[in-house]
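Note sheet for the following structure.
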Amino acid sequence: MPGLLLGDEAPNFEADTTQGRIRFHDFLGDSWGILFSHPRDFTPVCTTELGRAARLAPEFSKRNVKLIALSIDSVQDHLSWCKDINAYNGEQPGEKLPFPIIADKNRELAVKLGMLDPDEQDKDGMPLTARVVFVFGPDKKLKLSILYPATTGRNFDEILRVVDSLQLTAYKKVATPVDWKVRSRAKFTARHWEQALKWQPASLGGAPRLGEAAAGGSLASAGSCFCSRKSQGAGPLTHLPAKQIFPRAGSQGEPAAPAQGCLSCRNG
């Protein structure tokens, strides 16, 4: 069955969108990217999803993530739909959103990328596009995929959370536990993320730097939970500290207290 698996490179397709014709790799550039698909324009669930994505667009931008949607209608239909989406958000019903929407009227991309939901069909008996989320890294490779049926709307706060984890674990050899979040996200500004994204492996044009502080707080060194035994290079992953990897700064802006040893180290 056509589709993408983790680690696959994104196809460099060309498509018409609400912001003009694009070539996908050129659109992504050196950024992270999220491609998310929709069953059809003007449907209630899709409208709420795109409205939420538009509201969260500044948060994705802070993380150097480009959003792009896909739906199986024409560009003109998409532009008209944008008015409904903006009105849903309580804004002027204009045709502009902070991200483009791909026109896939013939379902060519949906078929190529494995996005169709065979259990949900339109009035003509054609399968609808499922609610797919593809997250691509700066290397154009698929880092995460989530597939929702057409009947279930997505949780974009969760998508934002997993982007935080994907970016952290791409640049630091750690693993994030269940329900992990960046602590005090409201204080974690674009400048913090710019600093965090400097921890890039050589394959992405940079080199990891441990324990480097960001303005307004402290980013815990991934080595801060090393015990003497683990710091000798045993194991492929640095253990995640028991406290959040990004501890909160003190009330007066002083550096946060050092992270405690990881649970694995403390338990031997």
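How big is the equivalent ellipsoid of segment 72-127 along its three axes, where each semi-axis is √(5λ) from the Cα gyration tensor, reported in whole Å from largest to smallest?
Working: eigenvalues 133, 32, 20 Å².
Computed over segment 72-127, the values are 26, 13, 10 Å.
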Study note, to complete from the structure: Once all protein chains are kept in place, Tyr148 shows an accessible area at probe 1.4 Å, nearest 10 Å², of 40
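Please give the length that would be gained between Leu56 and Lys123 if that part of the chain were fully extended, namely 0.36 nm times their separation in residues minus their C-alpha to C-alpha distance (nm, one decimal).
Details: separation 67, 0.36 × 67 = 24.12 nm, distance 3.30 nm.
Length gained, Leu56 through Lys123: 20.8 nm.
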Review point. Asp26 accessible area, nearest 10 Å², 1.4 Å probe?
Key: 110
Review point. What span do the alpha-carbon atoms of segment 1-154 cover on each of the three principal axes, reported in whole Å from largest to smallest?
Key: 39, 37, 26
Practice item. Take Leu5, project a point 7 Å from its Cα along the Cβ direction, then tell me which residues of segment 96-137 have their backbone nitrogen under 20 Å from it. Key: 111-116, 133-137
Point to revise | Projected label distance in nm at Arg23 and Thr152, using a 7 Å step from Cα toward the beta-carbon | key: 3.8
Review point. Given labels modelled 7 Å from the Cα in the Cβ direction, how far is it in nm from Thr43 to Lys181?
Key: 2.9
Exercise for review: Provide the solvent-accessible area of Phe134, counting protein heavy atoms only and rolling a 1.4 Å probe, rounded to the nearest 10 Å².
Suggested key: 10
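Provide the FRET efficiency to the nearest 0.05 for the Lys141-Lys83 pair, computing r from the beta carbons and using R0 = 30 Å. Please list the in-between numbers first.
On the way: r = 36 Å, r/R0 = 1.19.
About 0.25, to the nearest 0.05.
The values are calculated or read from the model by the stated rules, or taken from the named source; none is laboratory data. Computed from a prediction, not measured in an experiment: that's the story for all the values here. Backbone-built Cβ (ideal geometry, glycine too); neighbour counts: all protein chains shown. Note: areas computed on protein heavy atoms with side chains; ligands, DNA, RNA excluded. Shrake-Rupley method; radii C 1.70, N 1.55, O 1.52, S 1.80 Å.
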